[in-house]
Each structure stands twice: as structure tokens, then as C-alpha cells.
Amino acid sequence: MSLAEIVGFLNGIIWSPALIYLCLGAGLFYSIQTRFVQVRLFGEMIRLLFSGKSSRQGISSFQALAVSLAGRVGMGNIAGVAAAIGFGGPGAVFWMWVVAFLGASTAYTESTLAQIYKEKDIVTGEYRGGPAYYFERALGQKWYGILFAIASIIACGIFLPGVQANGVVNAAAQVLGEGSTMAILGMEVGVIRLAALAGILLVLAVIIFGGIKRIAHFTEFVVPFMAVGYIVLALIIMFSNISMVPDVFGMIIGDAFTAQAGFGAAIGWGVKRGVYSNEAGQGTGPHAAAAAEVEHPAQQGLVQAFSVYVDTLLVCSATAFMILSTGMYNIQGTKPDGEFIVQNIDKTTEINSPAFTQMAMESVYGTFGDTFIAVAVFFFAFTTILAYYYIAEVNVNYLTRFMSRGAHNTGIFIVKVLIMVMVAYGGLNTAGYIWGIGDVGVGLMAWLNIVGILIIFFIARPALDALKDYEAQHKAGVKEYTFNPAQFGIKNAPYWEDRHRELGATKQDTLR
């Protein structure tokens with residue numbers, strides 16, 4: 001079997017209907033359990049975005065949001081939406097919305113768990129946390145934490161970076177052409193691709209050797225700037241085609257249940273690309289959430305829930321409306337012959353790429369639109385690679401935190417080299433199975449994380465208890481939030497246990 005066939009076989013197993021409905025089911029379950037926290041506390045989410053401050057140990061809520069958005073806002077928003085439409089029809093966008101709305105409650109849950117069970121890194125003193133940590137502490141199953149950590153390092157260090165790099169070089173080639181070619185590792189590679197790849201590797205090396213603080217400072221500036229600019233240009237396209245907006249909505253809603261590419265294809269591609277894009281339930285967002293300096297665990301859970309809205313309901317929707325309103329897309333059928341159900345543009349246009357989006361922009365803005373998408377792809381994809389590196393680093397820290405300093409440093413160095421190698425590999429290859437490799441990574445983490453957090457819920461309900469506690473304090477109008485895990489029978493939460501004791505001691509000293 002070829003590598004492409006192996007990847008396809010693995011995706012057929014991992015992304016079976018079971019995972020599709022597990023993602024939707026978990027989101028619905030947590031929405032009901034939290035009484036649709038993603039709607040009830042929407043205003044509080046906005047307030048919390050700008051209320052937190054960073055510290056020597058942690059980053060601010062907004063910086064944590066920016067780091068998690070760096071992972072969420074990437075190729076999934078530009079090329080992923082195009083793939084969902086190209087393979088699942090316009091109705092796939094509806095299912096992306098559904099998985100985002102329901103997934104916001106899942107994002108709250110996993111990120112609150114990450115805050116509750118976070119700890120300070122023994123080497124740097126910075127906050128560390130994520131699924132591996134809460135599986136060990138909440139489930140009492142260290143082996144499951146180790147399994148997730150290994151899966152995360154493989155997914156974020158090996159499988160996923162190549163997808164982002166591939167999108168960047170494809171976007172550059174779409175604008176500038178391939179240029180003269182040369183043979184590298186048996187592949188004919190254009191000079192433009194090499195130049196774009198060299199730029200990524202150079203800047204990546206500078207930033208990843210600076211740690212989470214440097215990553216946070218970079219992403220908190222770049223991500224909002226590019227996201228706002230992208231959405232503004234998309235809105236201009238929408239207003240210039242304002243008469244088509246009802247038709248676009250009609251296509252998305254109508255096709256969601258009678259999909260041109262098949263009802264199952266619409267759900268499958270919508271959920272797959274939705275999870276890939278907003279990462280709700282995947283277990284990636286909690287790593288940045290744990291690094292935040294907050295007064296109460298639920299606060300960062302709410303901020304992370306909001307990030308799902310930003311990713312899918314804003315950025316992904318902007319992409320979908322651009323593509324559908326300009327008609328710059330094809331829809332490929334599910335039959336083996338791969339014939340097109342809808343063909344509006346050249347049939348050789350690569351679906352698993354930013355091409356649909358670039359062509360949509362170009363149809364309105366000319367060369368500027370094409371170039372802007374290439375620049376947006378670069379920054380979106382680059383910041384996503386940074387987020388992947390951080391996630392891999394956190395999980396290496398988890399695996400080596402009780403080992404020698406040398407073992408820890410060696411593990412971190414290996415991850416940095418792996419990221420660089422896989423970025424180079426993804427950039428040199430064409431699309432196709434590169435996306436398939438990314439889907440394997442996403443699906444692997446989603447399976448482990450969603451099953452794990454559901455088990456945690458049925459053993460104890462720490463994230464739900466934290467939400468009730470936060471809402472009670474909010475209703476009481478407290479000026480400074482506190483969290484005492486022992487009050488809810490939550491064990492193995494050393495950071496919050498120590499913090500509660502310190503606050504108690506401070507109050508006693510004040511009374512004296």
C-alpha cells in the first residue's frame with residue numbers, strides 16, 4: 001500500500017460515523033448539563049476577554065485566547081471550509097455551525113478542567129496543563145494521561161504542521177507561480193515554494209526558542225489583526241453581493257438535509273472540518289487555557305468557549321459566504337469516478353487548498369484579493385504551527401517533569417527539530433494526503449479527549465461544579481473571585497489548593 005492509501009485507510013477507521021456523532025453528542029450533552037452556558041453567559045465571556053492580567057508564571061486571558069485562536073484560526077478556516085463545500089456541498093457549512101455552537105460547551109468543559117488541574121513547571125515556573133494532566137489527576141489513570149501526551153506529540157509535532165505549511169506554499173504559488181523548478185528528495189519543487197518555506201522556517205526557529213511568552217506576545221498581535229482584516233474584506237464582498245445573501249443562506253440551510261453531495265457527506269465533512277477548525281473537544285485548546293492567570297477556573301473556560309464562536313461563526317462563515325456568493329467552487333460527488341455534481345470553475349482546481357477562497361477574493365478585489373489571501377494564509381497557518389509547537393512542548397514537559405533536566409531539554413529539542421522537519425516536508429509536498437495525515441492527528445486526539453472528559457463527568461463533575469460556584473459568586477457581586485476545590489470534593493488540584501490556603505493566610509494577617 002502507498003502512503004496515501006495507508007492514510008486513507010486510517011481515516012476511514014478514525015473518522016467513522018462513530019466519531020462524527022460522538023463530537024455532536026458530547027457537545028449536546030455538555031450544552032444541556034451547563035444549561036447552554038454558551039448562550040447564557042455570552043456577555044460574561046466578552047467581559048472576561050479583557051479583564052485578566054498576565055504574571056511571571058502565566059499569561060493573560062486574552063493572550064491565552066490568542067494562543068488558542070492561533071491553533072484554531074488556520075488552514076481550516078480558509079482551505080478547510082473550501083474542502084467542506086467541495087466534498088460535502090454548501091450544507092456542510094451548516095454542520096460546521098452546529099458543531100461550533102454545541103462544541104462551545106465542550107470547549108468550556110475541557111478548558112476549565114485544564115485550569116483546575118494545572119501545575120507549575122518545575123523548570124520554568126510557568127503554568128502547565130491540558131488533557132494529560134487532568135486525565136492523570138481527575139481520573140487517577142496516569143497511563144491514559146501518558147497515552148494522550150504521546151498522541152498529542154505525534155499529532156501536533158508530526159501530523160499537523162505539514163498541513164499548515166502546505167497551505168502557505170500553495171497560496172504563494174497561486175499568486176506568484178511556481179518559478180523555476182529543481183529536484184529535491186526526488187520531487188520537482190518550484191523556487192517560489194522554496195522561498196516561502198525558507199521564510200516560515202526562519203521565523204519559526206526564532207519564535208519557538210523563546211517559549212510561551214514570546215509565542216503569546218506574537219499571536220496576541222497577529223491573530224486579531226489578520227482575523228479582523230479578513231472578516232472586513234469578506235463583509236465588503238457580502239455587501240457588494242447583498243442581494244445574494246438570502247440565496248446563500250438558503251443554499252446552506254436547504255442543502256444541510258438534502259445535500260447535493262449526499263446527506264452523510266454534508267454531516268461528515270461539516271463535522272470533520274468543523275472540529276479541525278474550531279478544535280472543540282479535540283484537546284488542543286486546554287493547553288493554552290491552563291497557562292492563563294485567572295482568579296477562577298471557570299473564567300478561562302468561558303473565554304475559550306468564546307474562541308469557538310470567533311473561529312467558526314465569524315472567520316469560517318466569512319470564508320463560506322465569499323466562496324458561495326461568488327460561485328467560485330466545485331462540488332465533487334461521492335462516487336468512485338469523482339465526477340462533479342457542480343462545476344463552476346476549472347475542474348483541475350485543487351479542493352484541499354486555499355484556491356476557492358483566493359479565486360473568490362480575486363473575483364472582487366483582483367490581484368490584491370489573491371495576494372491578501374496568500375498573506376492571510378501565511379499568518380493564520382504560521383501562528384497555528386506555533387500553537388502546535390506549544391502543545392507538543394507541554395506534553396513533553398508532562399512526560400519528562402519528573403526526569404532529569406537533561407532528559408527534559410533533550411525532549412524539547414527533539415520536538416523543535418520534528419516541527420521544523422515536518423513543516424519542510426509539508427511545504428515540499430502537494431496537497432491531498434497531507435490533509436489526510438492532519439485528519440488522522442485530529443481524530444486521534446478527539447477520540448481520546450472526548451471519551452476521557454465524559455468519563456470524568458460520570459466519576460465527578462469538577463467543571464460543572466466550578467461553573468455553579470462561579471455563577472454563585474457572580475450573582476453575589478464579589479469583587480475578587482476565589483475557588484476552593486475541597487469545597488466540592490475535588491482532589492489532586494494542587495495549584496488551587498495552595499492558592500486558597502495562601503488567600504486564607506493573607507486574610508488572617510489582614511484581620512490581625
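The values are calculated or read from the model by the stated rules, or taken from the named source; none is laboratory data. The structure presented is a predicted model; accordingly, all values stated were derived computationally and were not measured. Here the Cβ positions follow ideal geometry from the backbone for every residue, glycine too, while neighbour counts run over all protein chains shown.
Being buried (at least 24 other Cβ atoms within 10 Å of the Cβ) and touching a His at 6+ places or on another chain (Cβ under 7 Å) narrows it down to one residue among Val423, Val442, Val377, Val394; which is it?
Criteria check complete, one pass: Val394.
For the stretch 1-49, what are the residues that are closer than 12 Å to Lys272 by Cα and of a type in the set (Ser, Thr, Tyr)? Once the filter is applied, which keeps residues that are closer than 12 Å to Lys272 by Cα and of a type in the set (Ser, Thr, Tyr), the stretch 1-49 yields Ser16, Tyr21. Residue selection: Ala266 fails the criterion of being modelled with pLDDT of 80 or more and either surrounded by 22 or more Cβ atoms within 10 Å (Cβ to Cβ) or over 24 Å from Tyr108 (Cβ atoms) (or both). No other residue among Gly436, Gly406, Gly443, Gly452 is assigned to a helix (DSSP H, G or I), over 23 Å from Ala298 (Cα atoms) and touching a Gly at 6+ places or on another chain (Cβ under 9 Å) apart from Gly436. Each residue in the stretch 1-27 was checked for being surrounded by 15 or more Cβ atoms within 10 Å (Cβ to Cβ) and either without any contact (Cβ under 8 Å) to a residue 60 or more places away in the chain or among the aliphatic types (A, V, I, L, M) (or both), and 8 of them qualify. Only one entry of Gly285, Gly281, Gly301 meets the criterion of being buried (at least 24 other Cβ atoms within 10 Å of the Cβ), at pLDDT 85 or above, closer than 29 Å to Ala18 by Cβ and touching an Asp or Glu at 6+ places or on another chain (Cβ under 9 Å), and that entry is Gly301.
Only one of these is out of contact with any Leu (no Cβ under 7 Å at 6 or more places or on another chain), closer than 25 Å to Asn241 by Cα and outside any helix (DSSP H, G or I): Thr319, Thr349. Name it. Even if it seems obvious, please write down each step before you answer.
Numbers: Thr319 fails: outside any helix (DSSP H, G or I).
Matching residue, one of Thr319, Thr349: Thr349.
Screening the stretch 244-263 for residues that are in contact with a helix residue (DSSP H, G or I) (Cβ under 7 Å, 6 or more places away or on another chain) and not β-branched (Val, Ile, Thr) and picking the one that is modelled with the highest pLDDT gives Met251. Only a single criterion out of (1) farther than 30 Å from Thr357 by Cβ; (2) buried (at least 24 other Cβ atoms within 10 Å of the Cβ); (3) modelled with pLDDT of 85 or more is not satisfied by Ala107, namely (1).
Quick check, is Ile116 crowded, with 24+ Cβ neighbours inside 10 Å, closer than 25 Å to Glu293 by Cα and not polar (S, T, N, Q)? When the stated conditions are applied, Ile116 passes them. Please work out which one of (1) touching a helix residue (DSSP H, G or I) at 6+ places or on another chain (Cβ under 7 Å); (2) at pLDDT 85 or above is the condition Ala431 fails and give its number. For Ala431, the failing item is (2).
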